[in-house]
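Take a look at the structure below.
Here, each number is a calculation from the coordinates, and none is a lab measurement. All values reported here derive from a predicted model rather than from experimental measurement. Reconstructed Cβ throughout: ideal geometry from the backbone, glycine too, with neighbour counts over all protein chains shown.
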């Protein structure tokens, strides 16, 4: 876990709204529990995304001491995925078609083939290994920021979608330039934005 080890890939967000009843521990806990990760180990589901505790990615119970640390709410986004390649599926469908033809003396018709292809696909998915990804999340209530321990558009899209469904609060991604501008006074920010963009060596 990057944040716990002292180094991490980081995406920073500004929380653009506040809950109507205020940002309370109960507000955060109730919504984390309602959108906790659902295990798909013994199913044929292809993916599952939800929240788990920071120090225990097998639990989505969220008692207060597992996620509330002073002014920080900390938890993990967990994403489990199965991937089944078309090549593997095609191989098993081909084996079934050969067996069907040997037993009946004819090829399966289109509806039968579609039915069996889906049956085979679900069976293979159920037996496929899951790939688990964890992304740490720190909600700095006092600073009105959220830090995601991941980067890249795909990871951010997964996080932003789950965040929206969970808390219903708008986020704004903080890029380095925007962060730098926020640190300047109004006068310095205006001066910087009005600088001439010509290379310095061009002169007057």
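To the nearest µm²/s, what D does Stokes-Einstein give for the range 73-143 at 4 °C and 1.567 mPa s, using the Kirkwood radius over alpha carbon pairs as Rh?
Values: Rh = 15.3 Å.
Here the translational diffusion coefficient equals 85 µm²/s.
Label residue 128 and residue 26 with points 7 Å out from Cα along Cα→Cβ: what is the distance between them in nm?
With each label placed 7 Å out from Cα toward Cβ, I get 4.3 nm.
Please compute the volume of the convex hull spanned by the alpha-carbon atoms of the range 86-127 and report it per residue in Å³.
Values: hull volume 2.6 nm³, N = 42.
Dividing the Cα hull volume of the range 86-127 by its residue count gives 63 Å³.
Testing the spin-label approximation: label points 7 Å from Cα along Cα→Cβ at residue 169 and residue 99. State their distance in nm.
5.4
If I model the range 1-154 as equal point scatterers sitting on the Cα atoms and use the Debye formula, what is log10 I(q)/I(0) at q = 0.15, 0.17 Å⁻¹?
Log-scaled intensity ratios, in q order: -0.83, -0.98.
Grab the Cα-Cα distance for residue 92 and residue 71, subtract it from 0.36 nm times how many residues apart they are, and report the gain in nm with one decimal. Each step should come with its number before you reach the end.
Working: separation 21, 0.36 × 21 = 7.56 nm, distance 5.37 nm.
Difference between extended and current length: 2.2 nm.
Go through 22-31, 59-68 and give me the packing order, highest mean Cβ count within 10 Å leading.
Details: 22-31: 14.1, 59-68: 16.0.
In decreasing order of mean packing, 22-31, 59-68 become 59-68, 22-31.
Between residue 116 and residue 38, what length comes free when the chain is fully extended (0.36 nm per residue of separation minus the Cα-Cα distance, one decimal in nm)? Display every interim value, and only then the final one.
Values: separation 78, 0.36 × 78 = 28.08 nm, distance 2.78 nm.
So the chain would gain 25.3 nm between residue 116 and residue 38.
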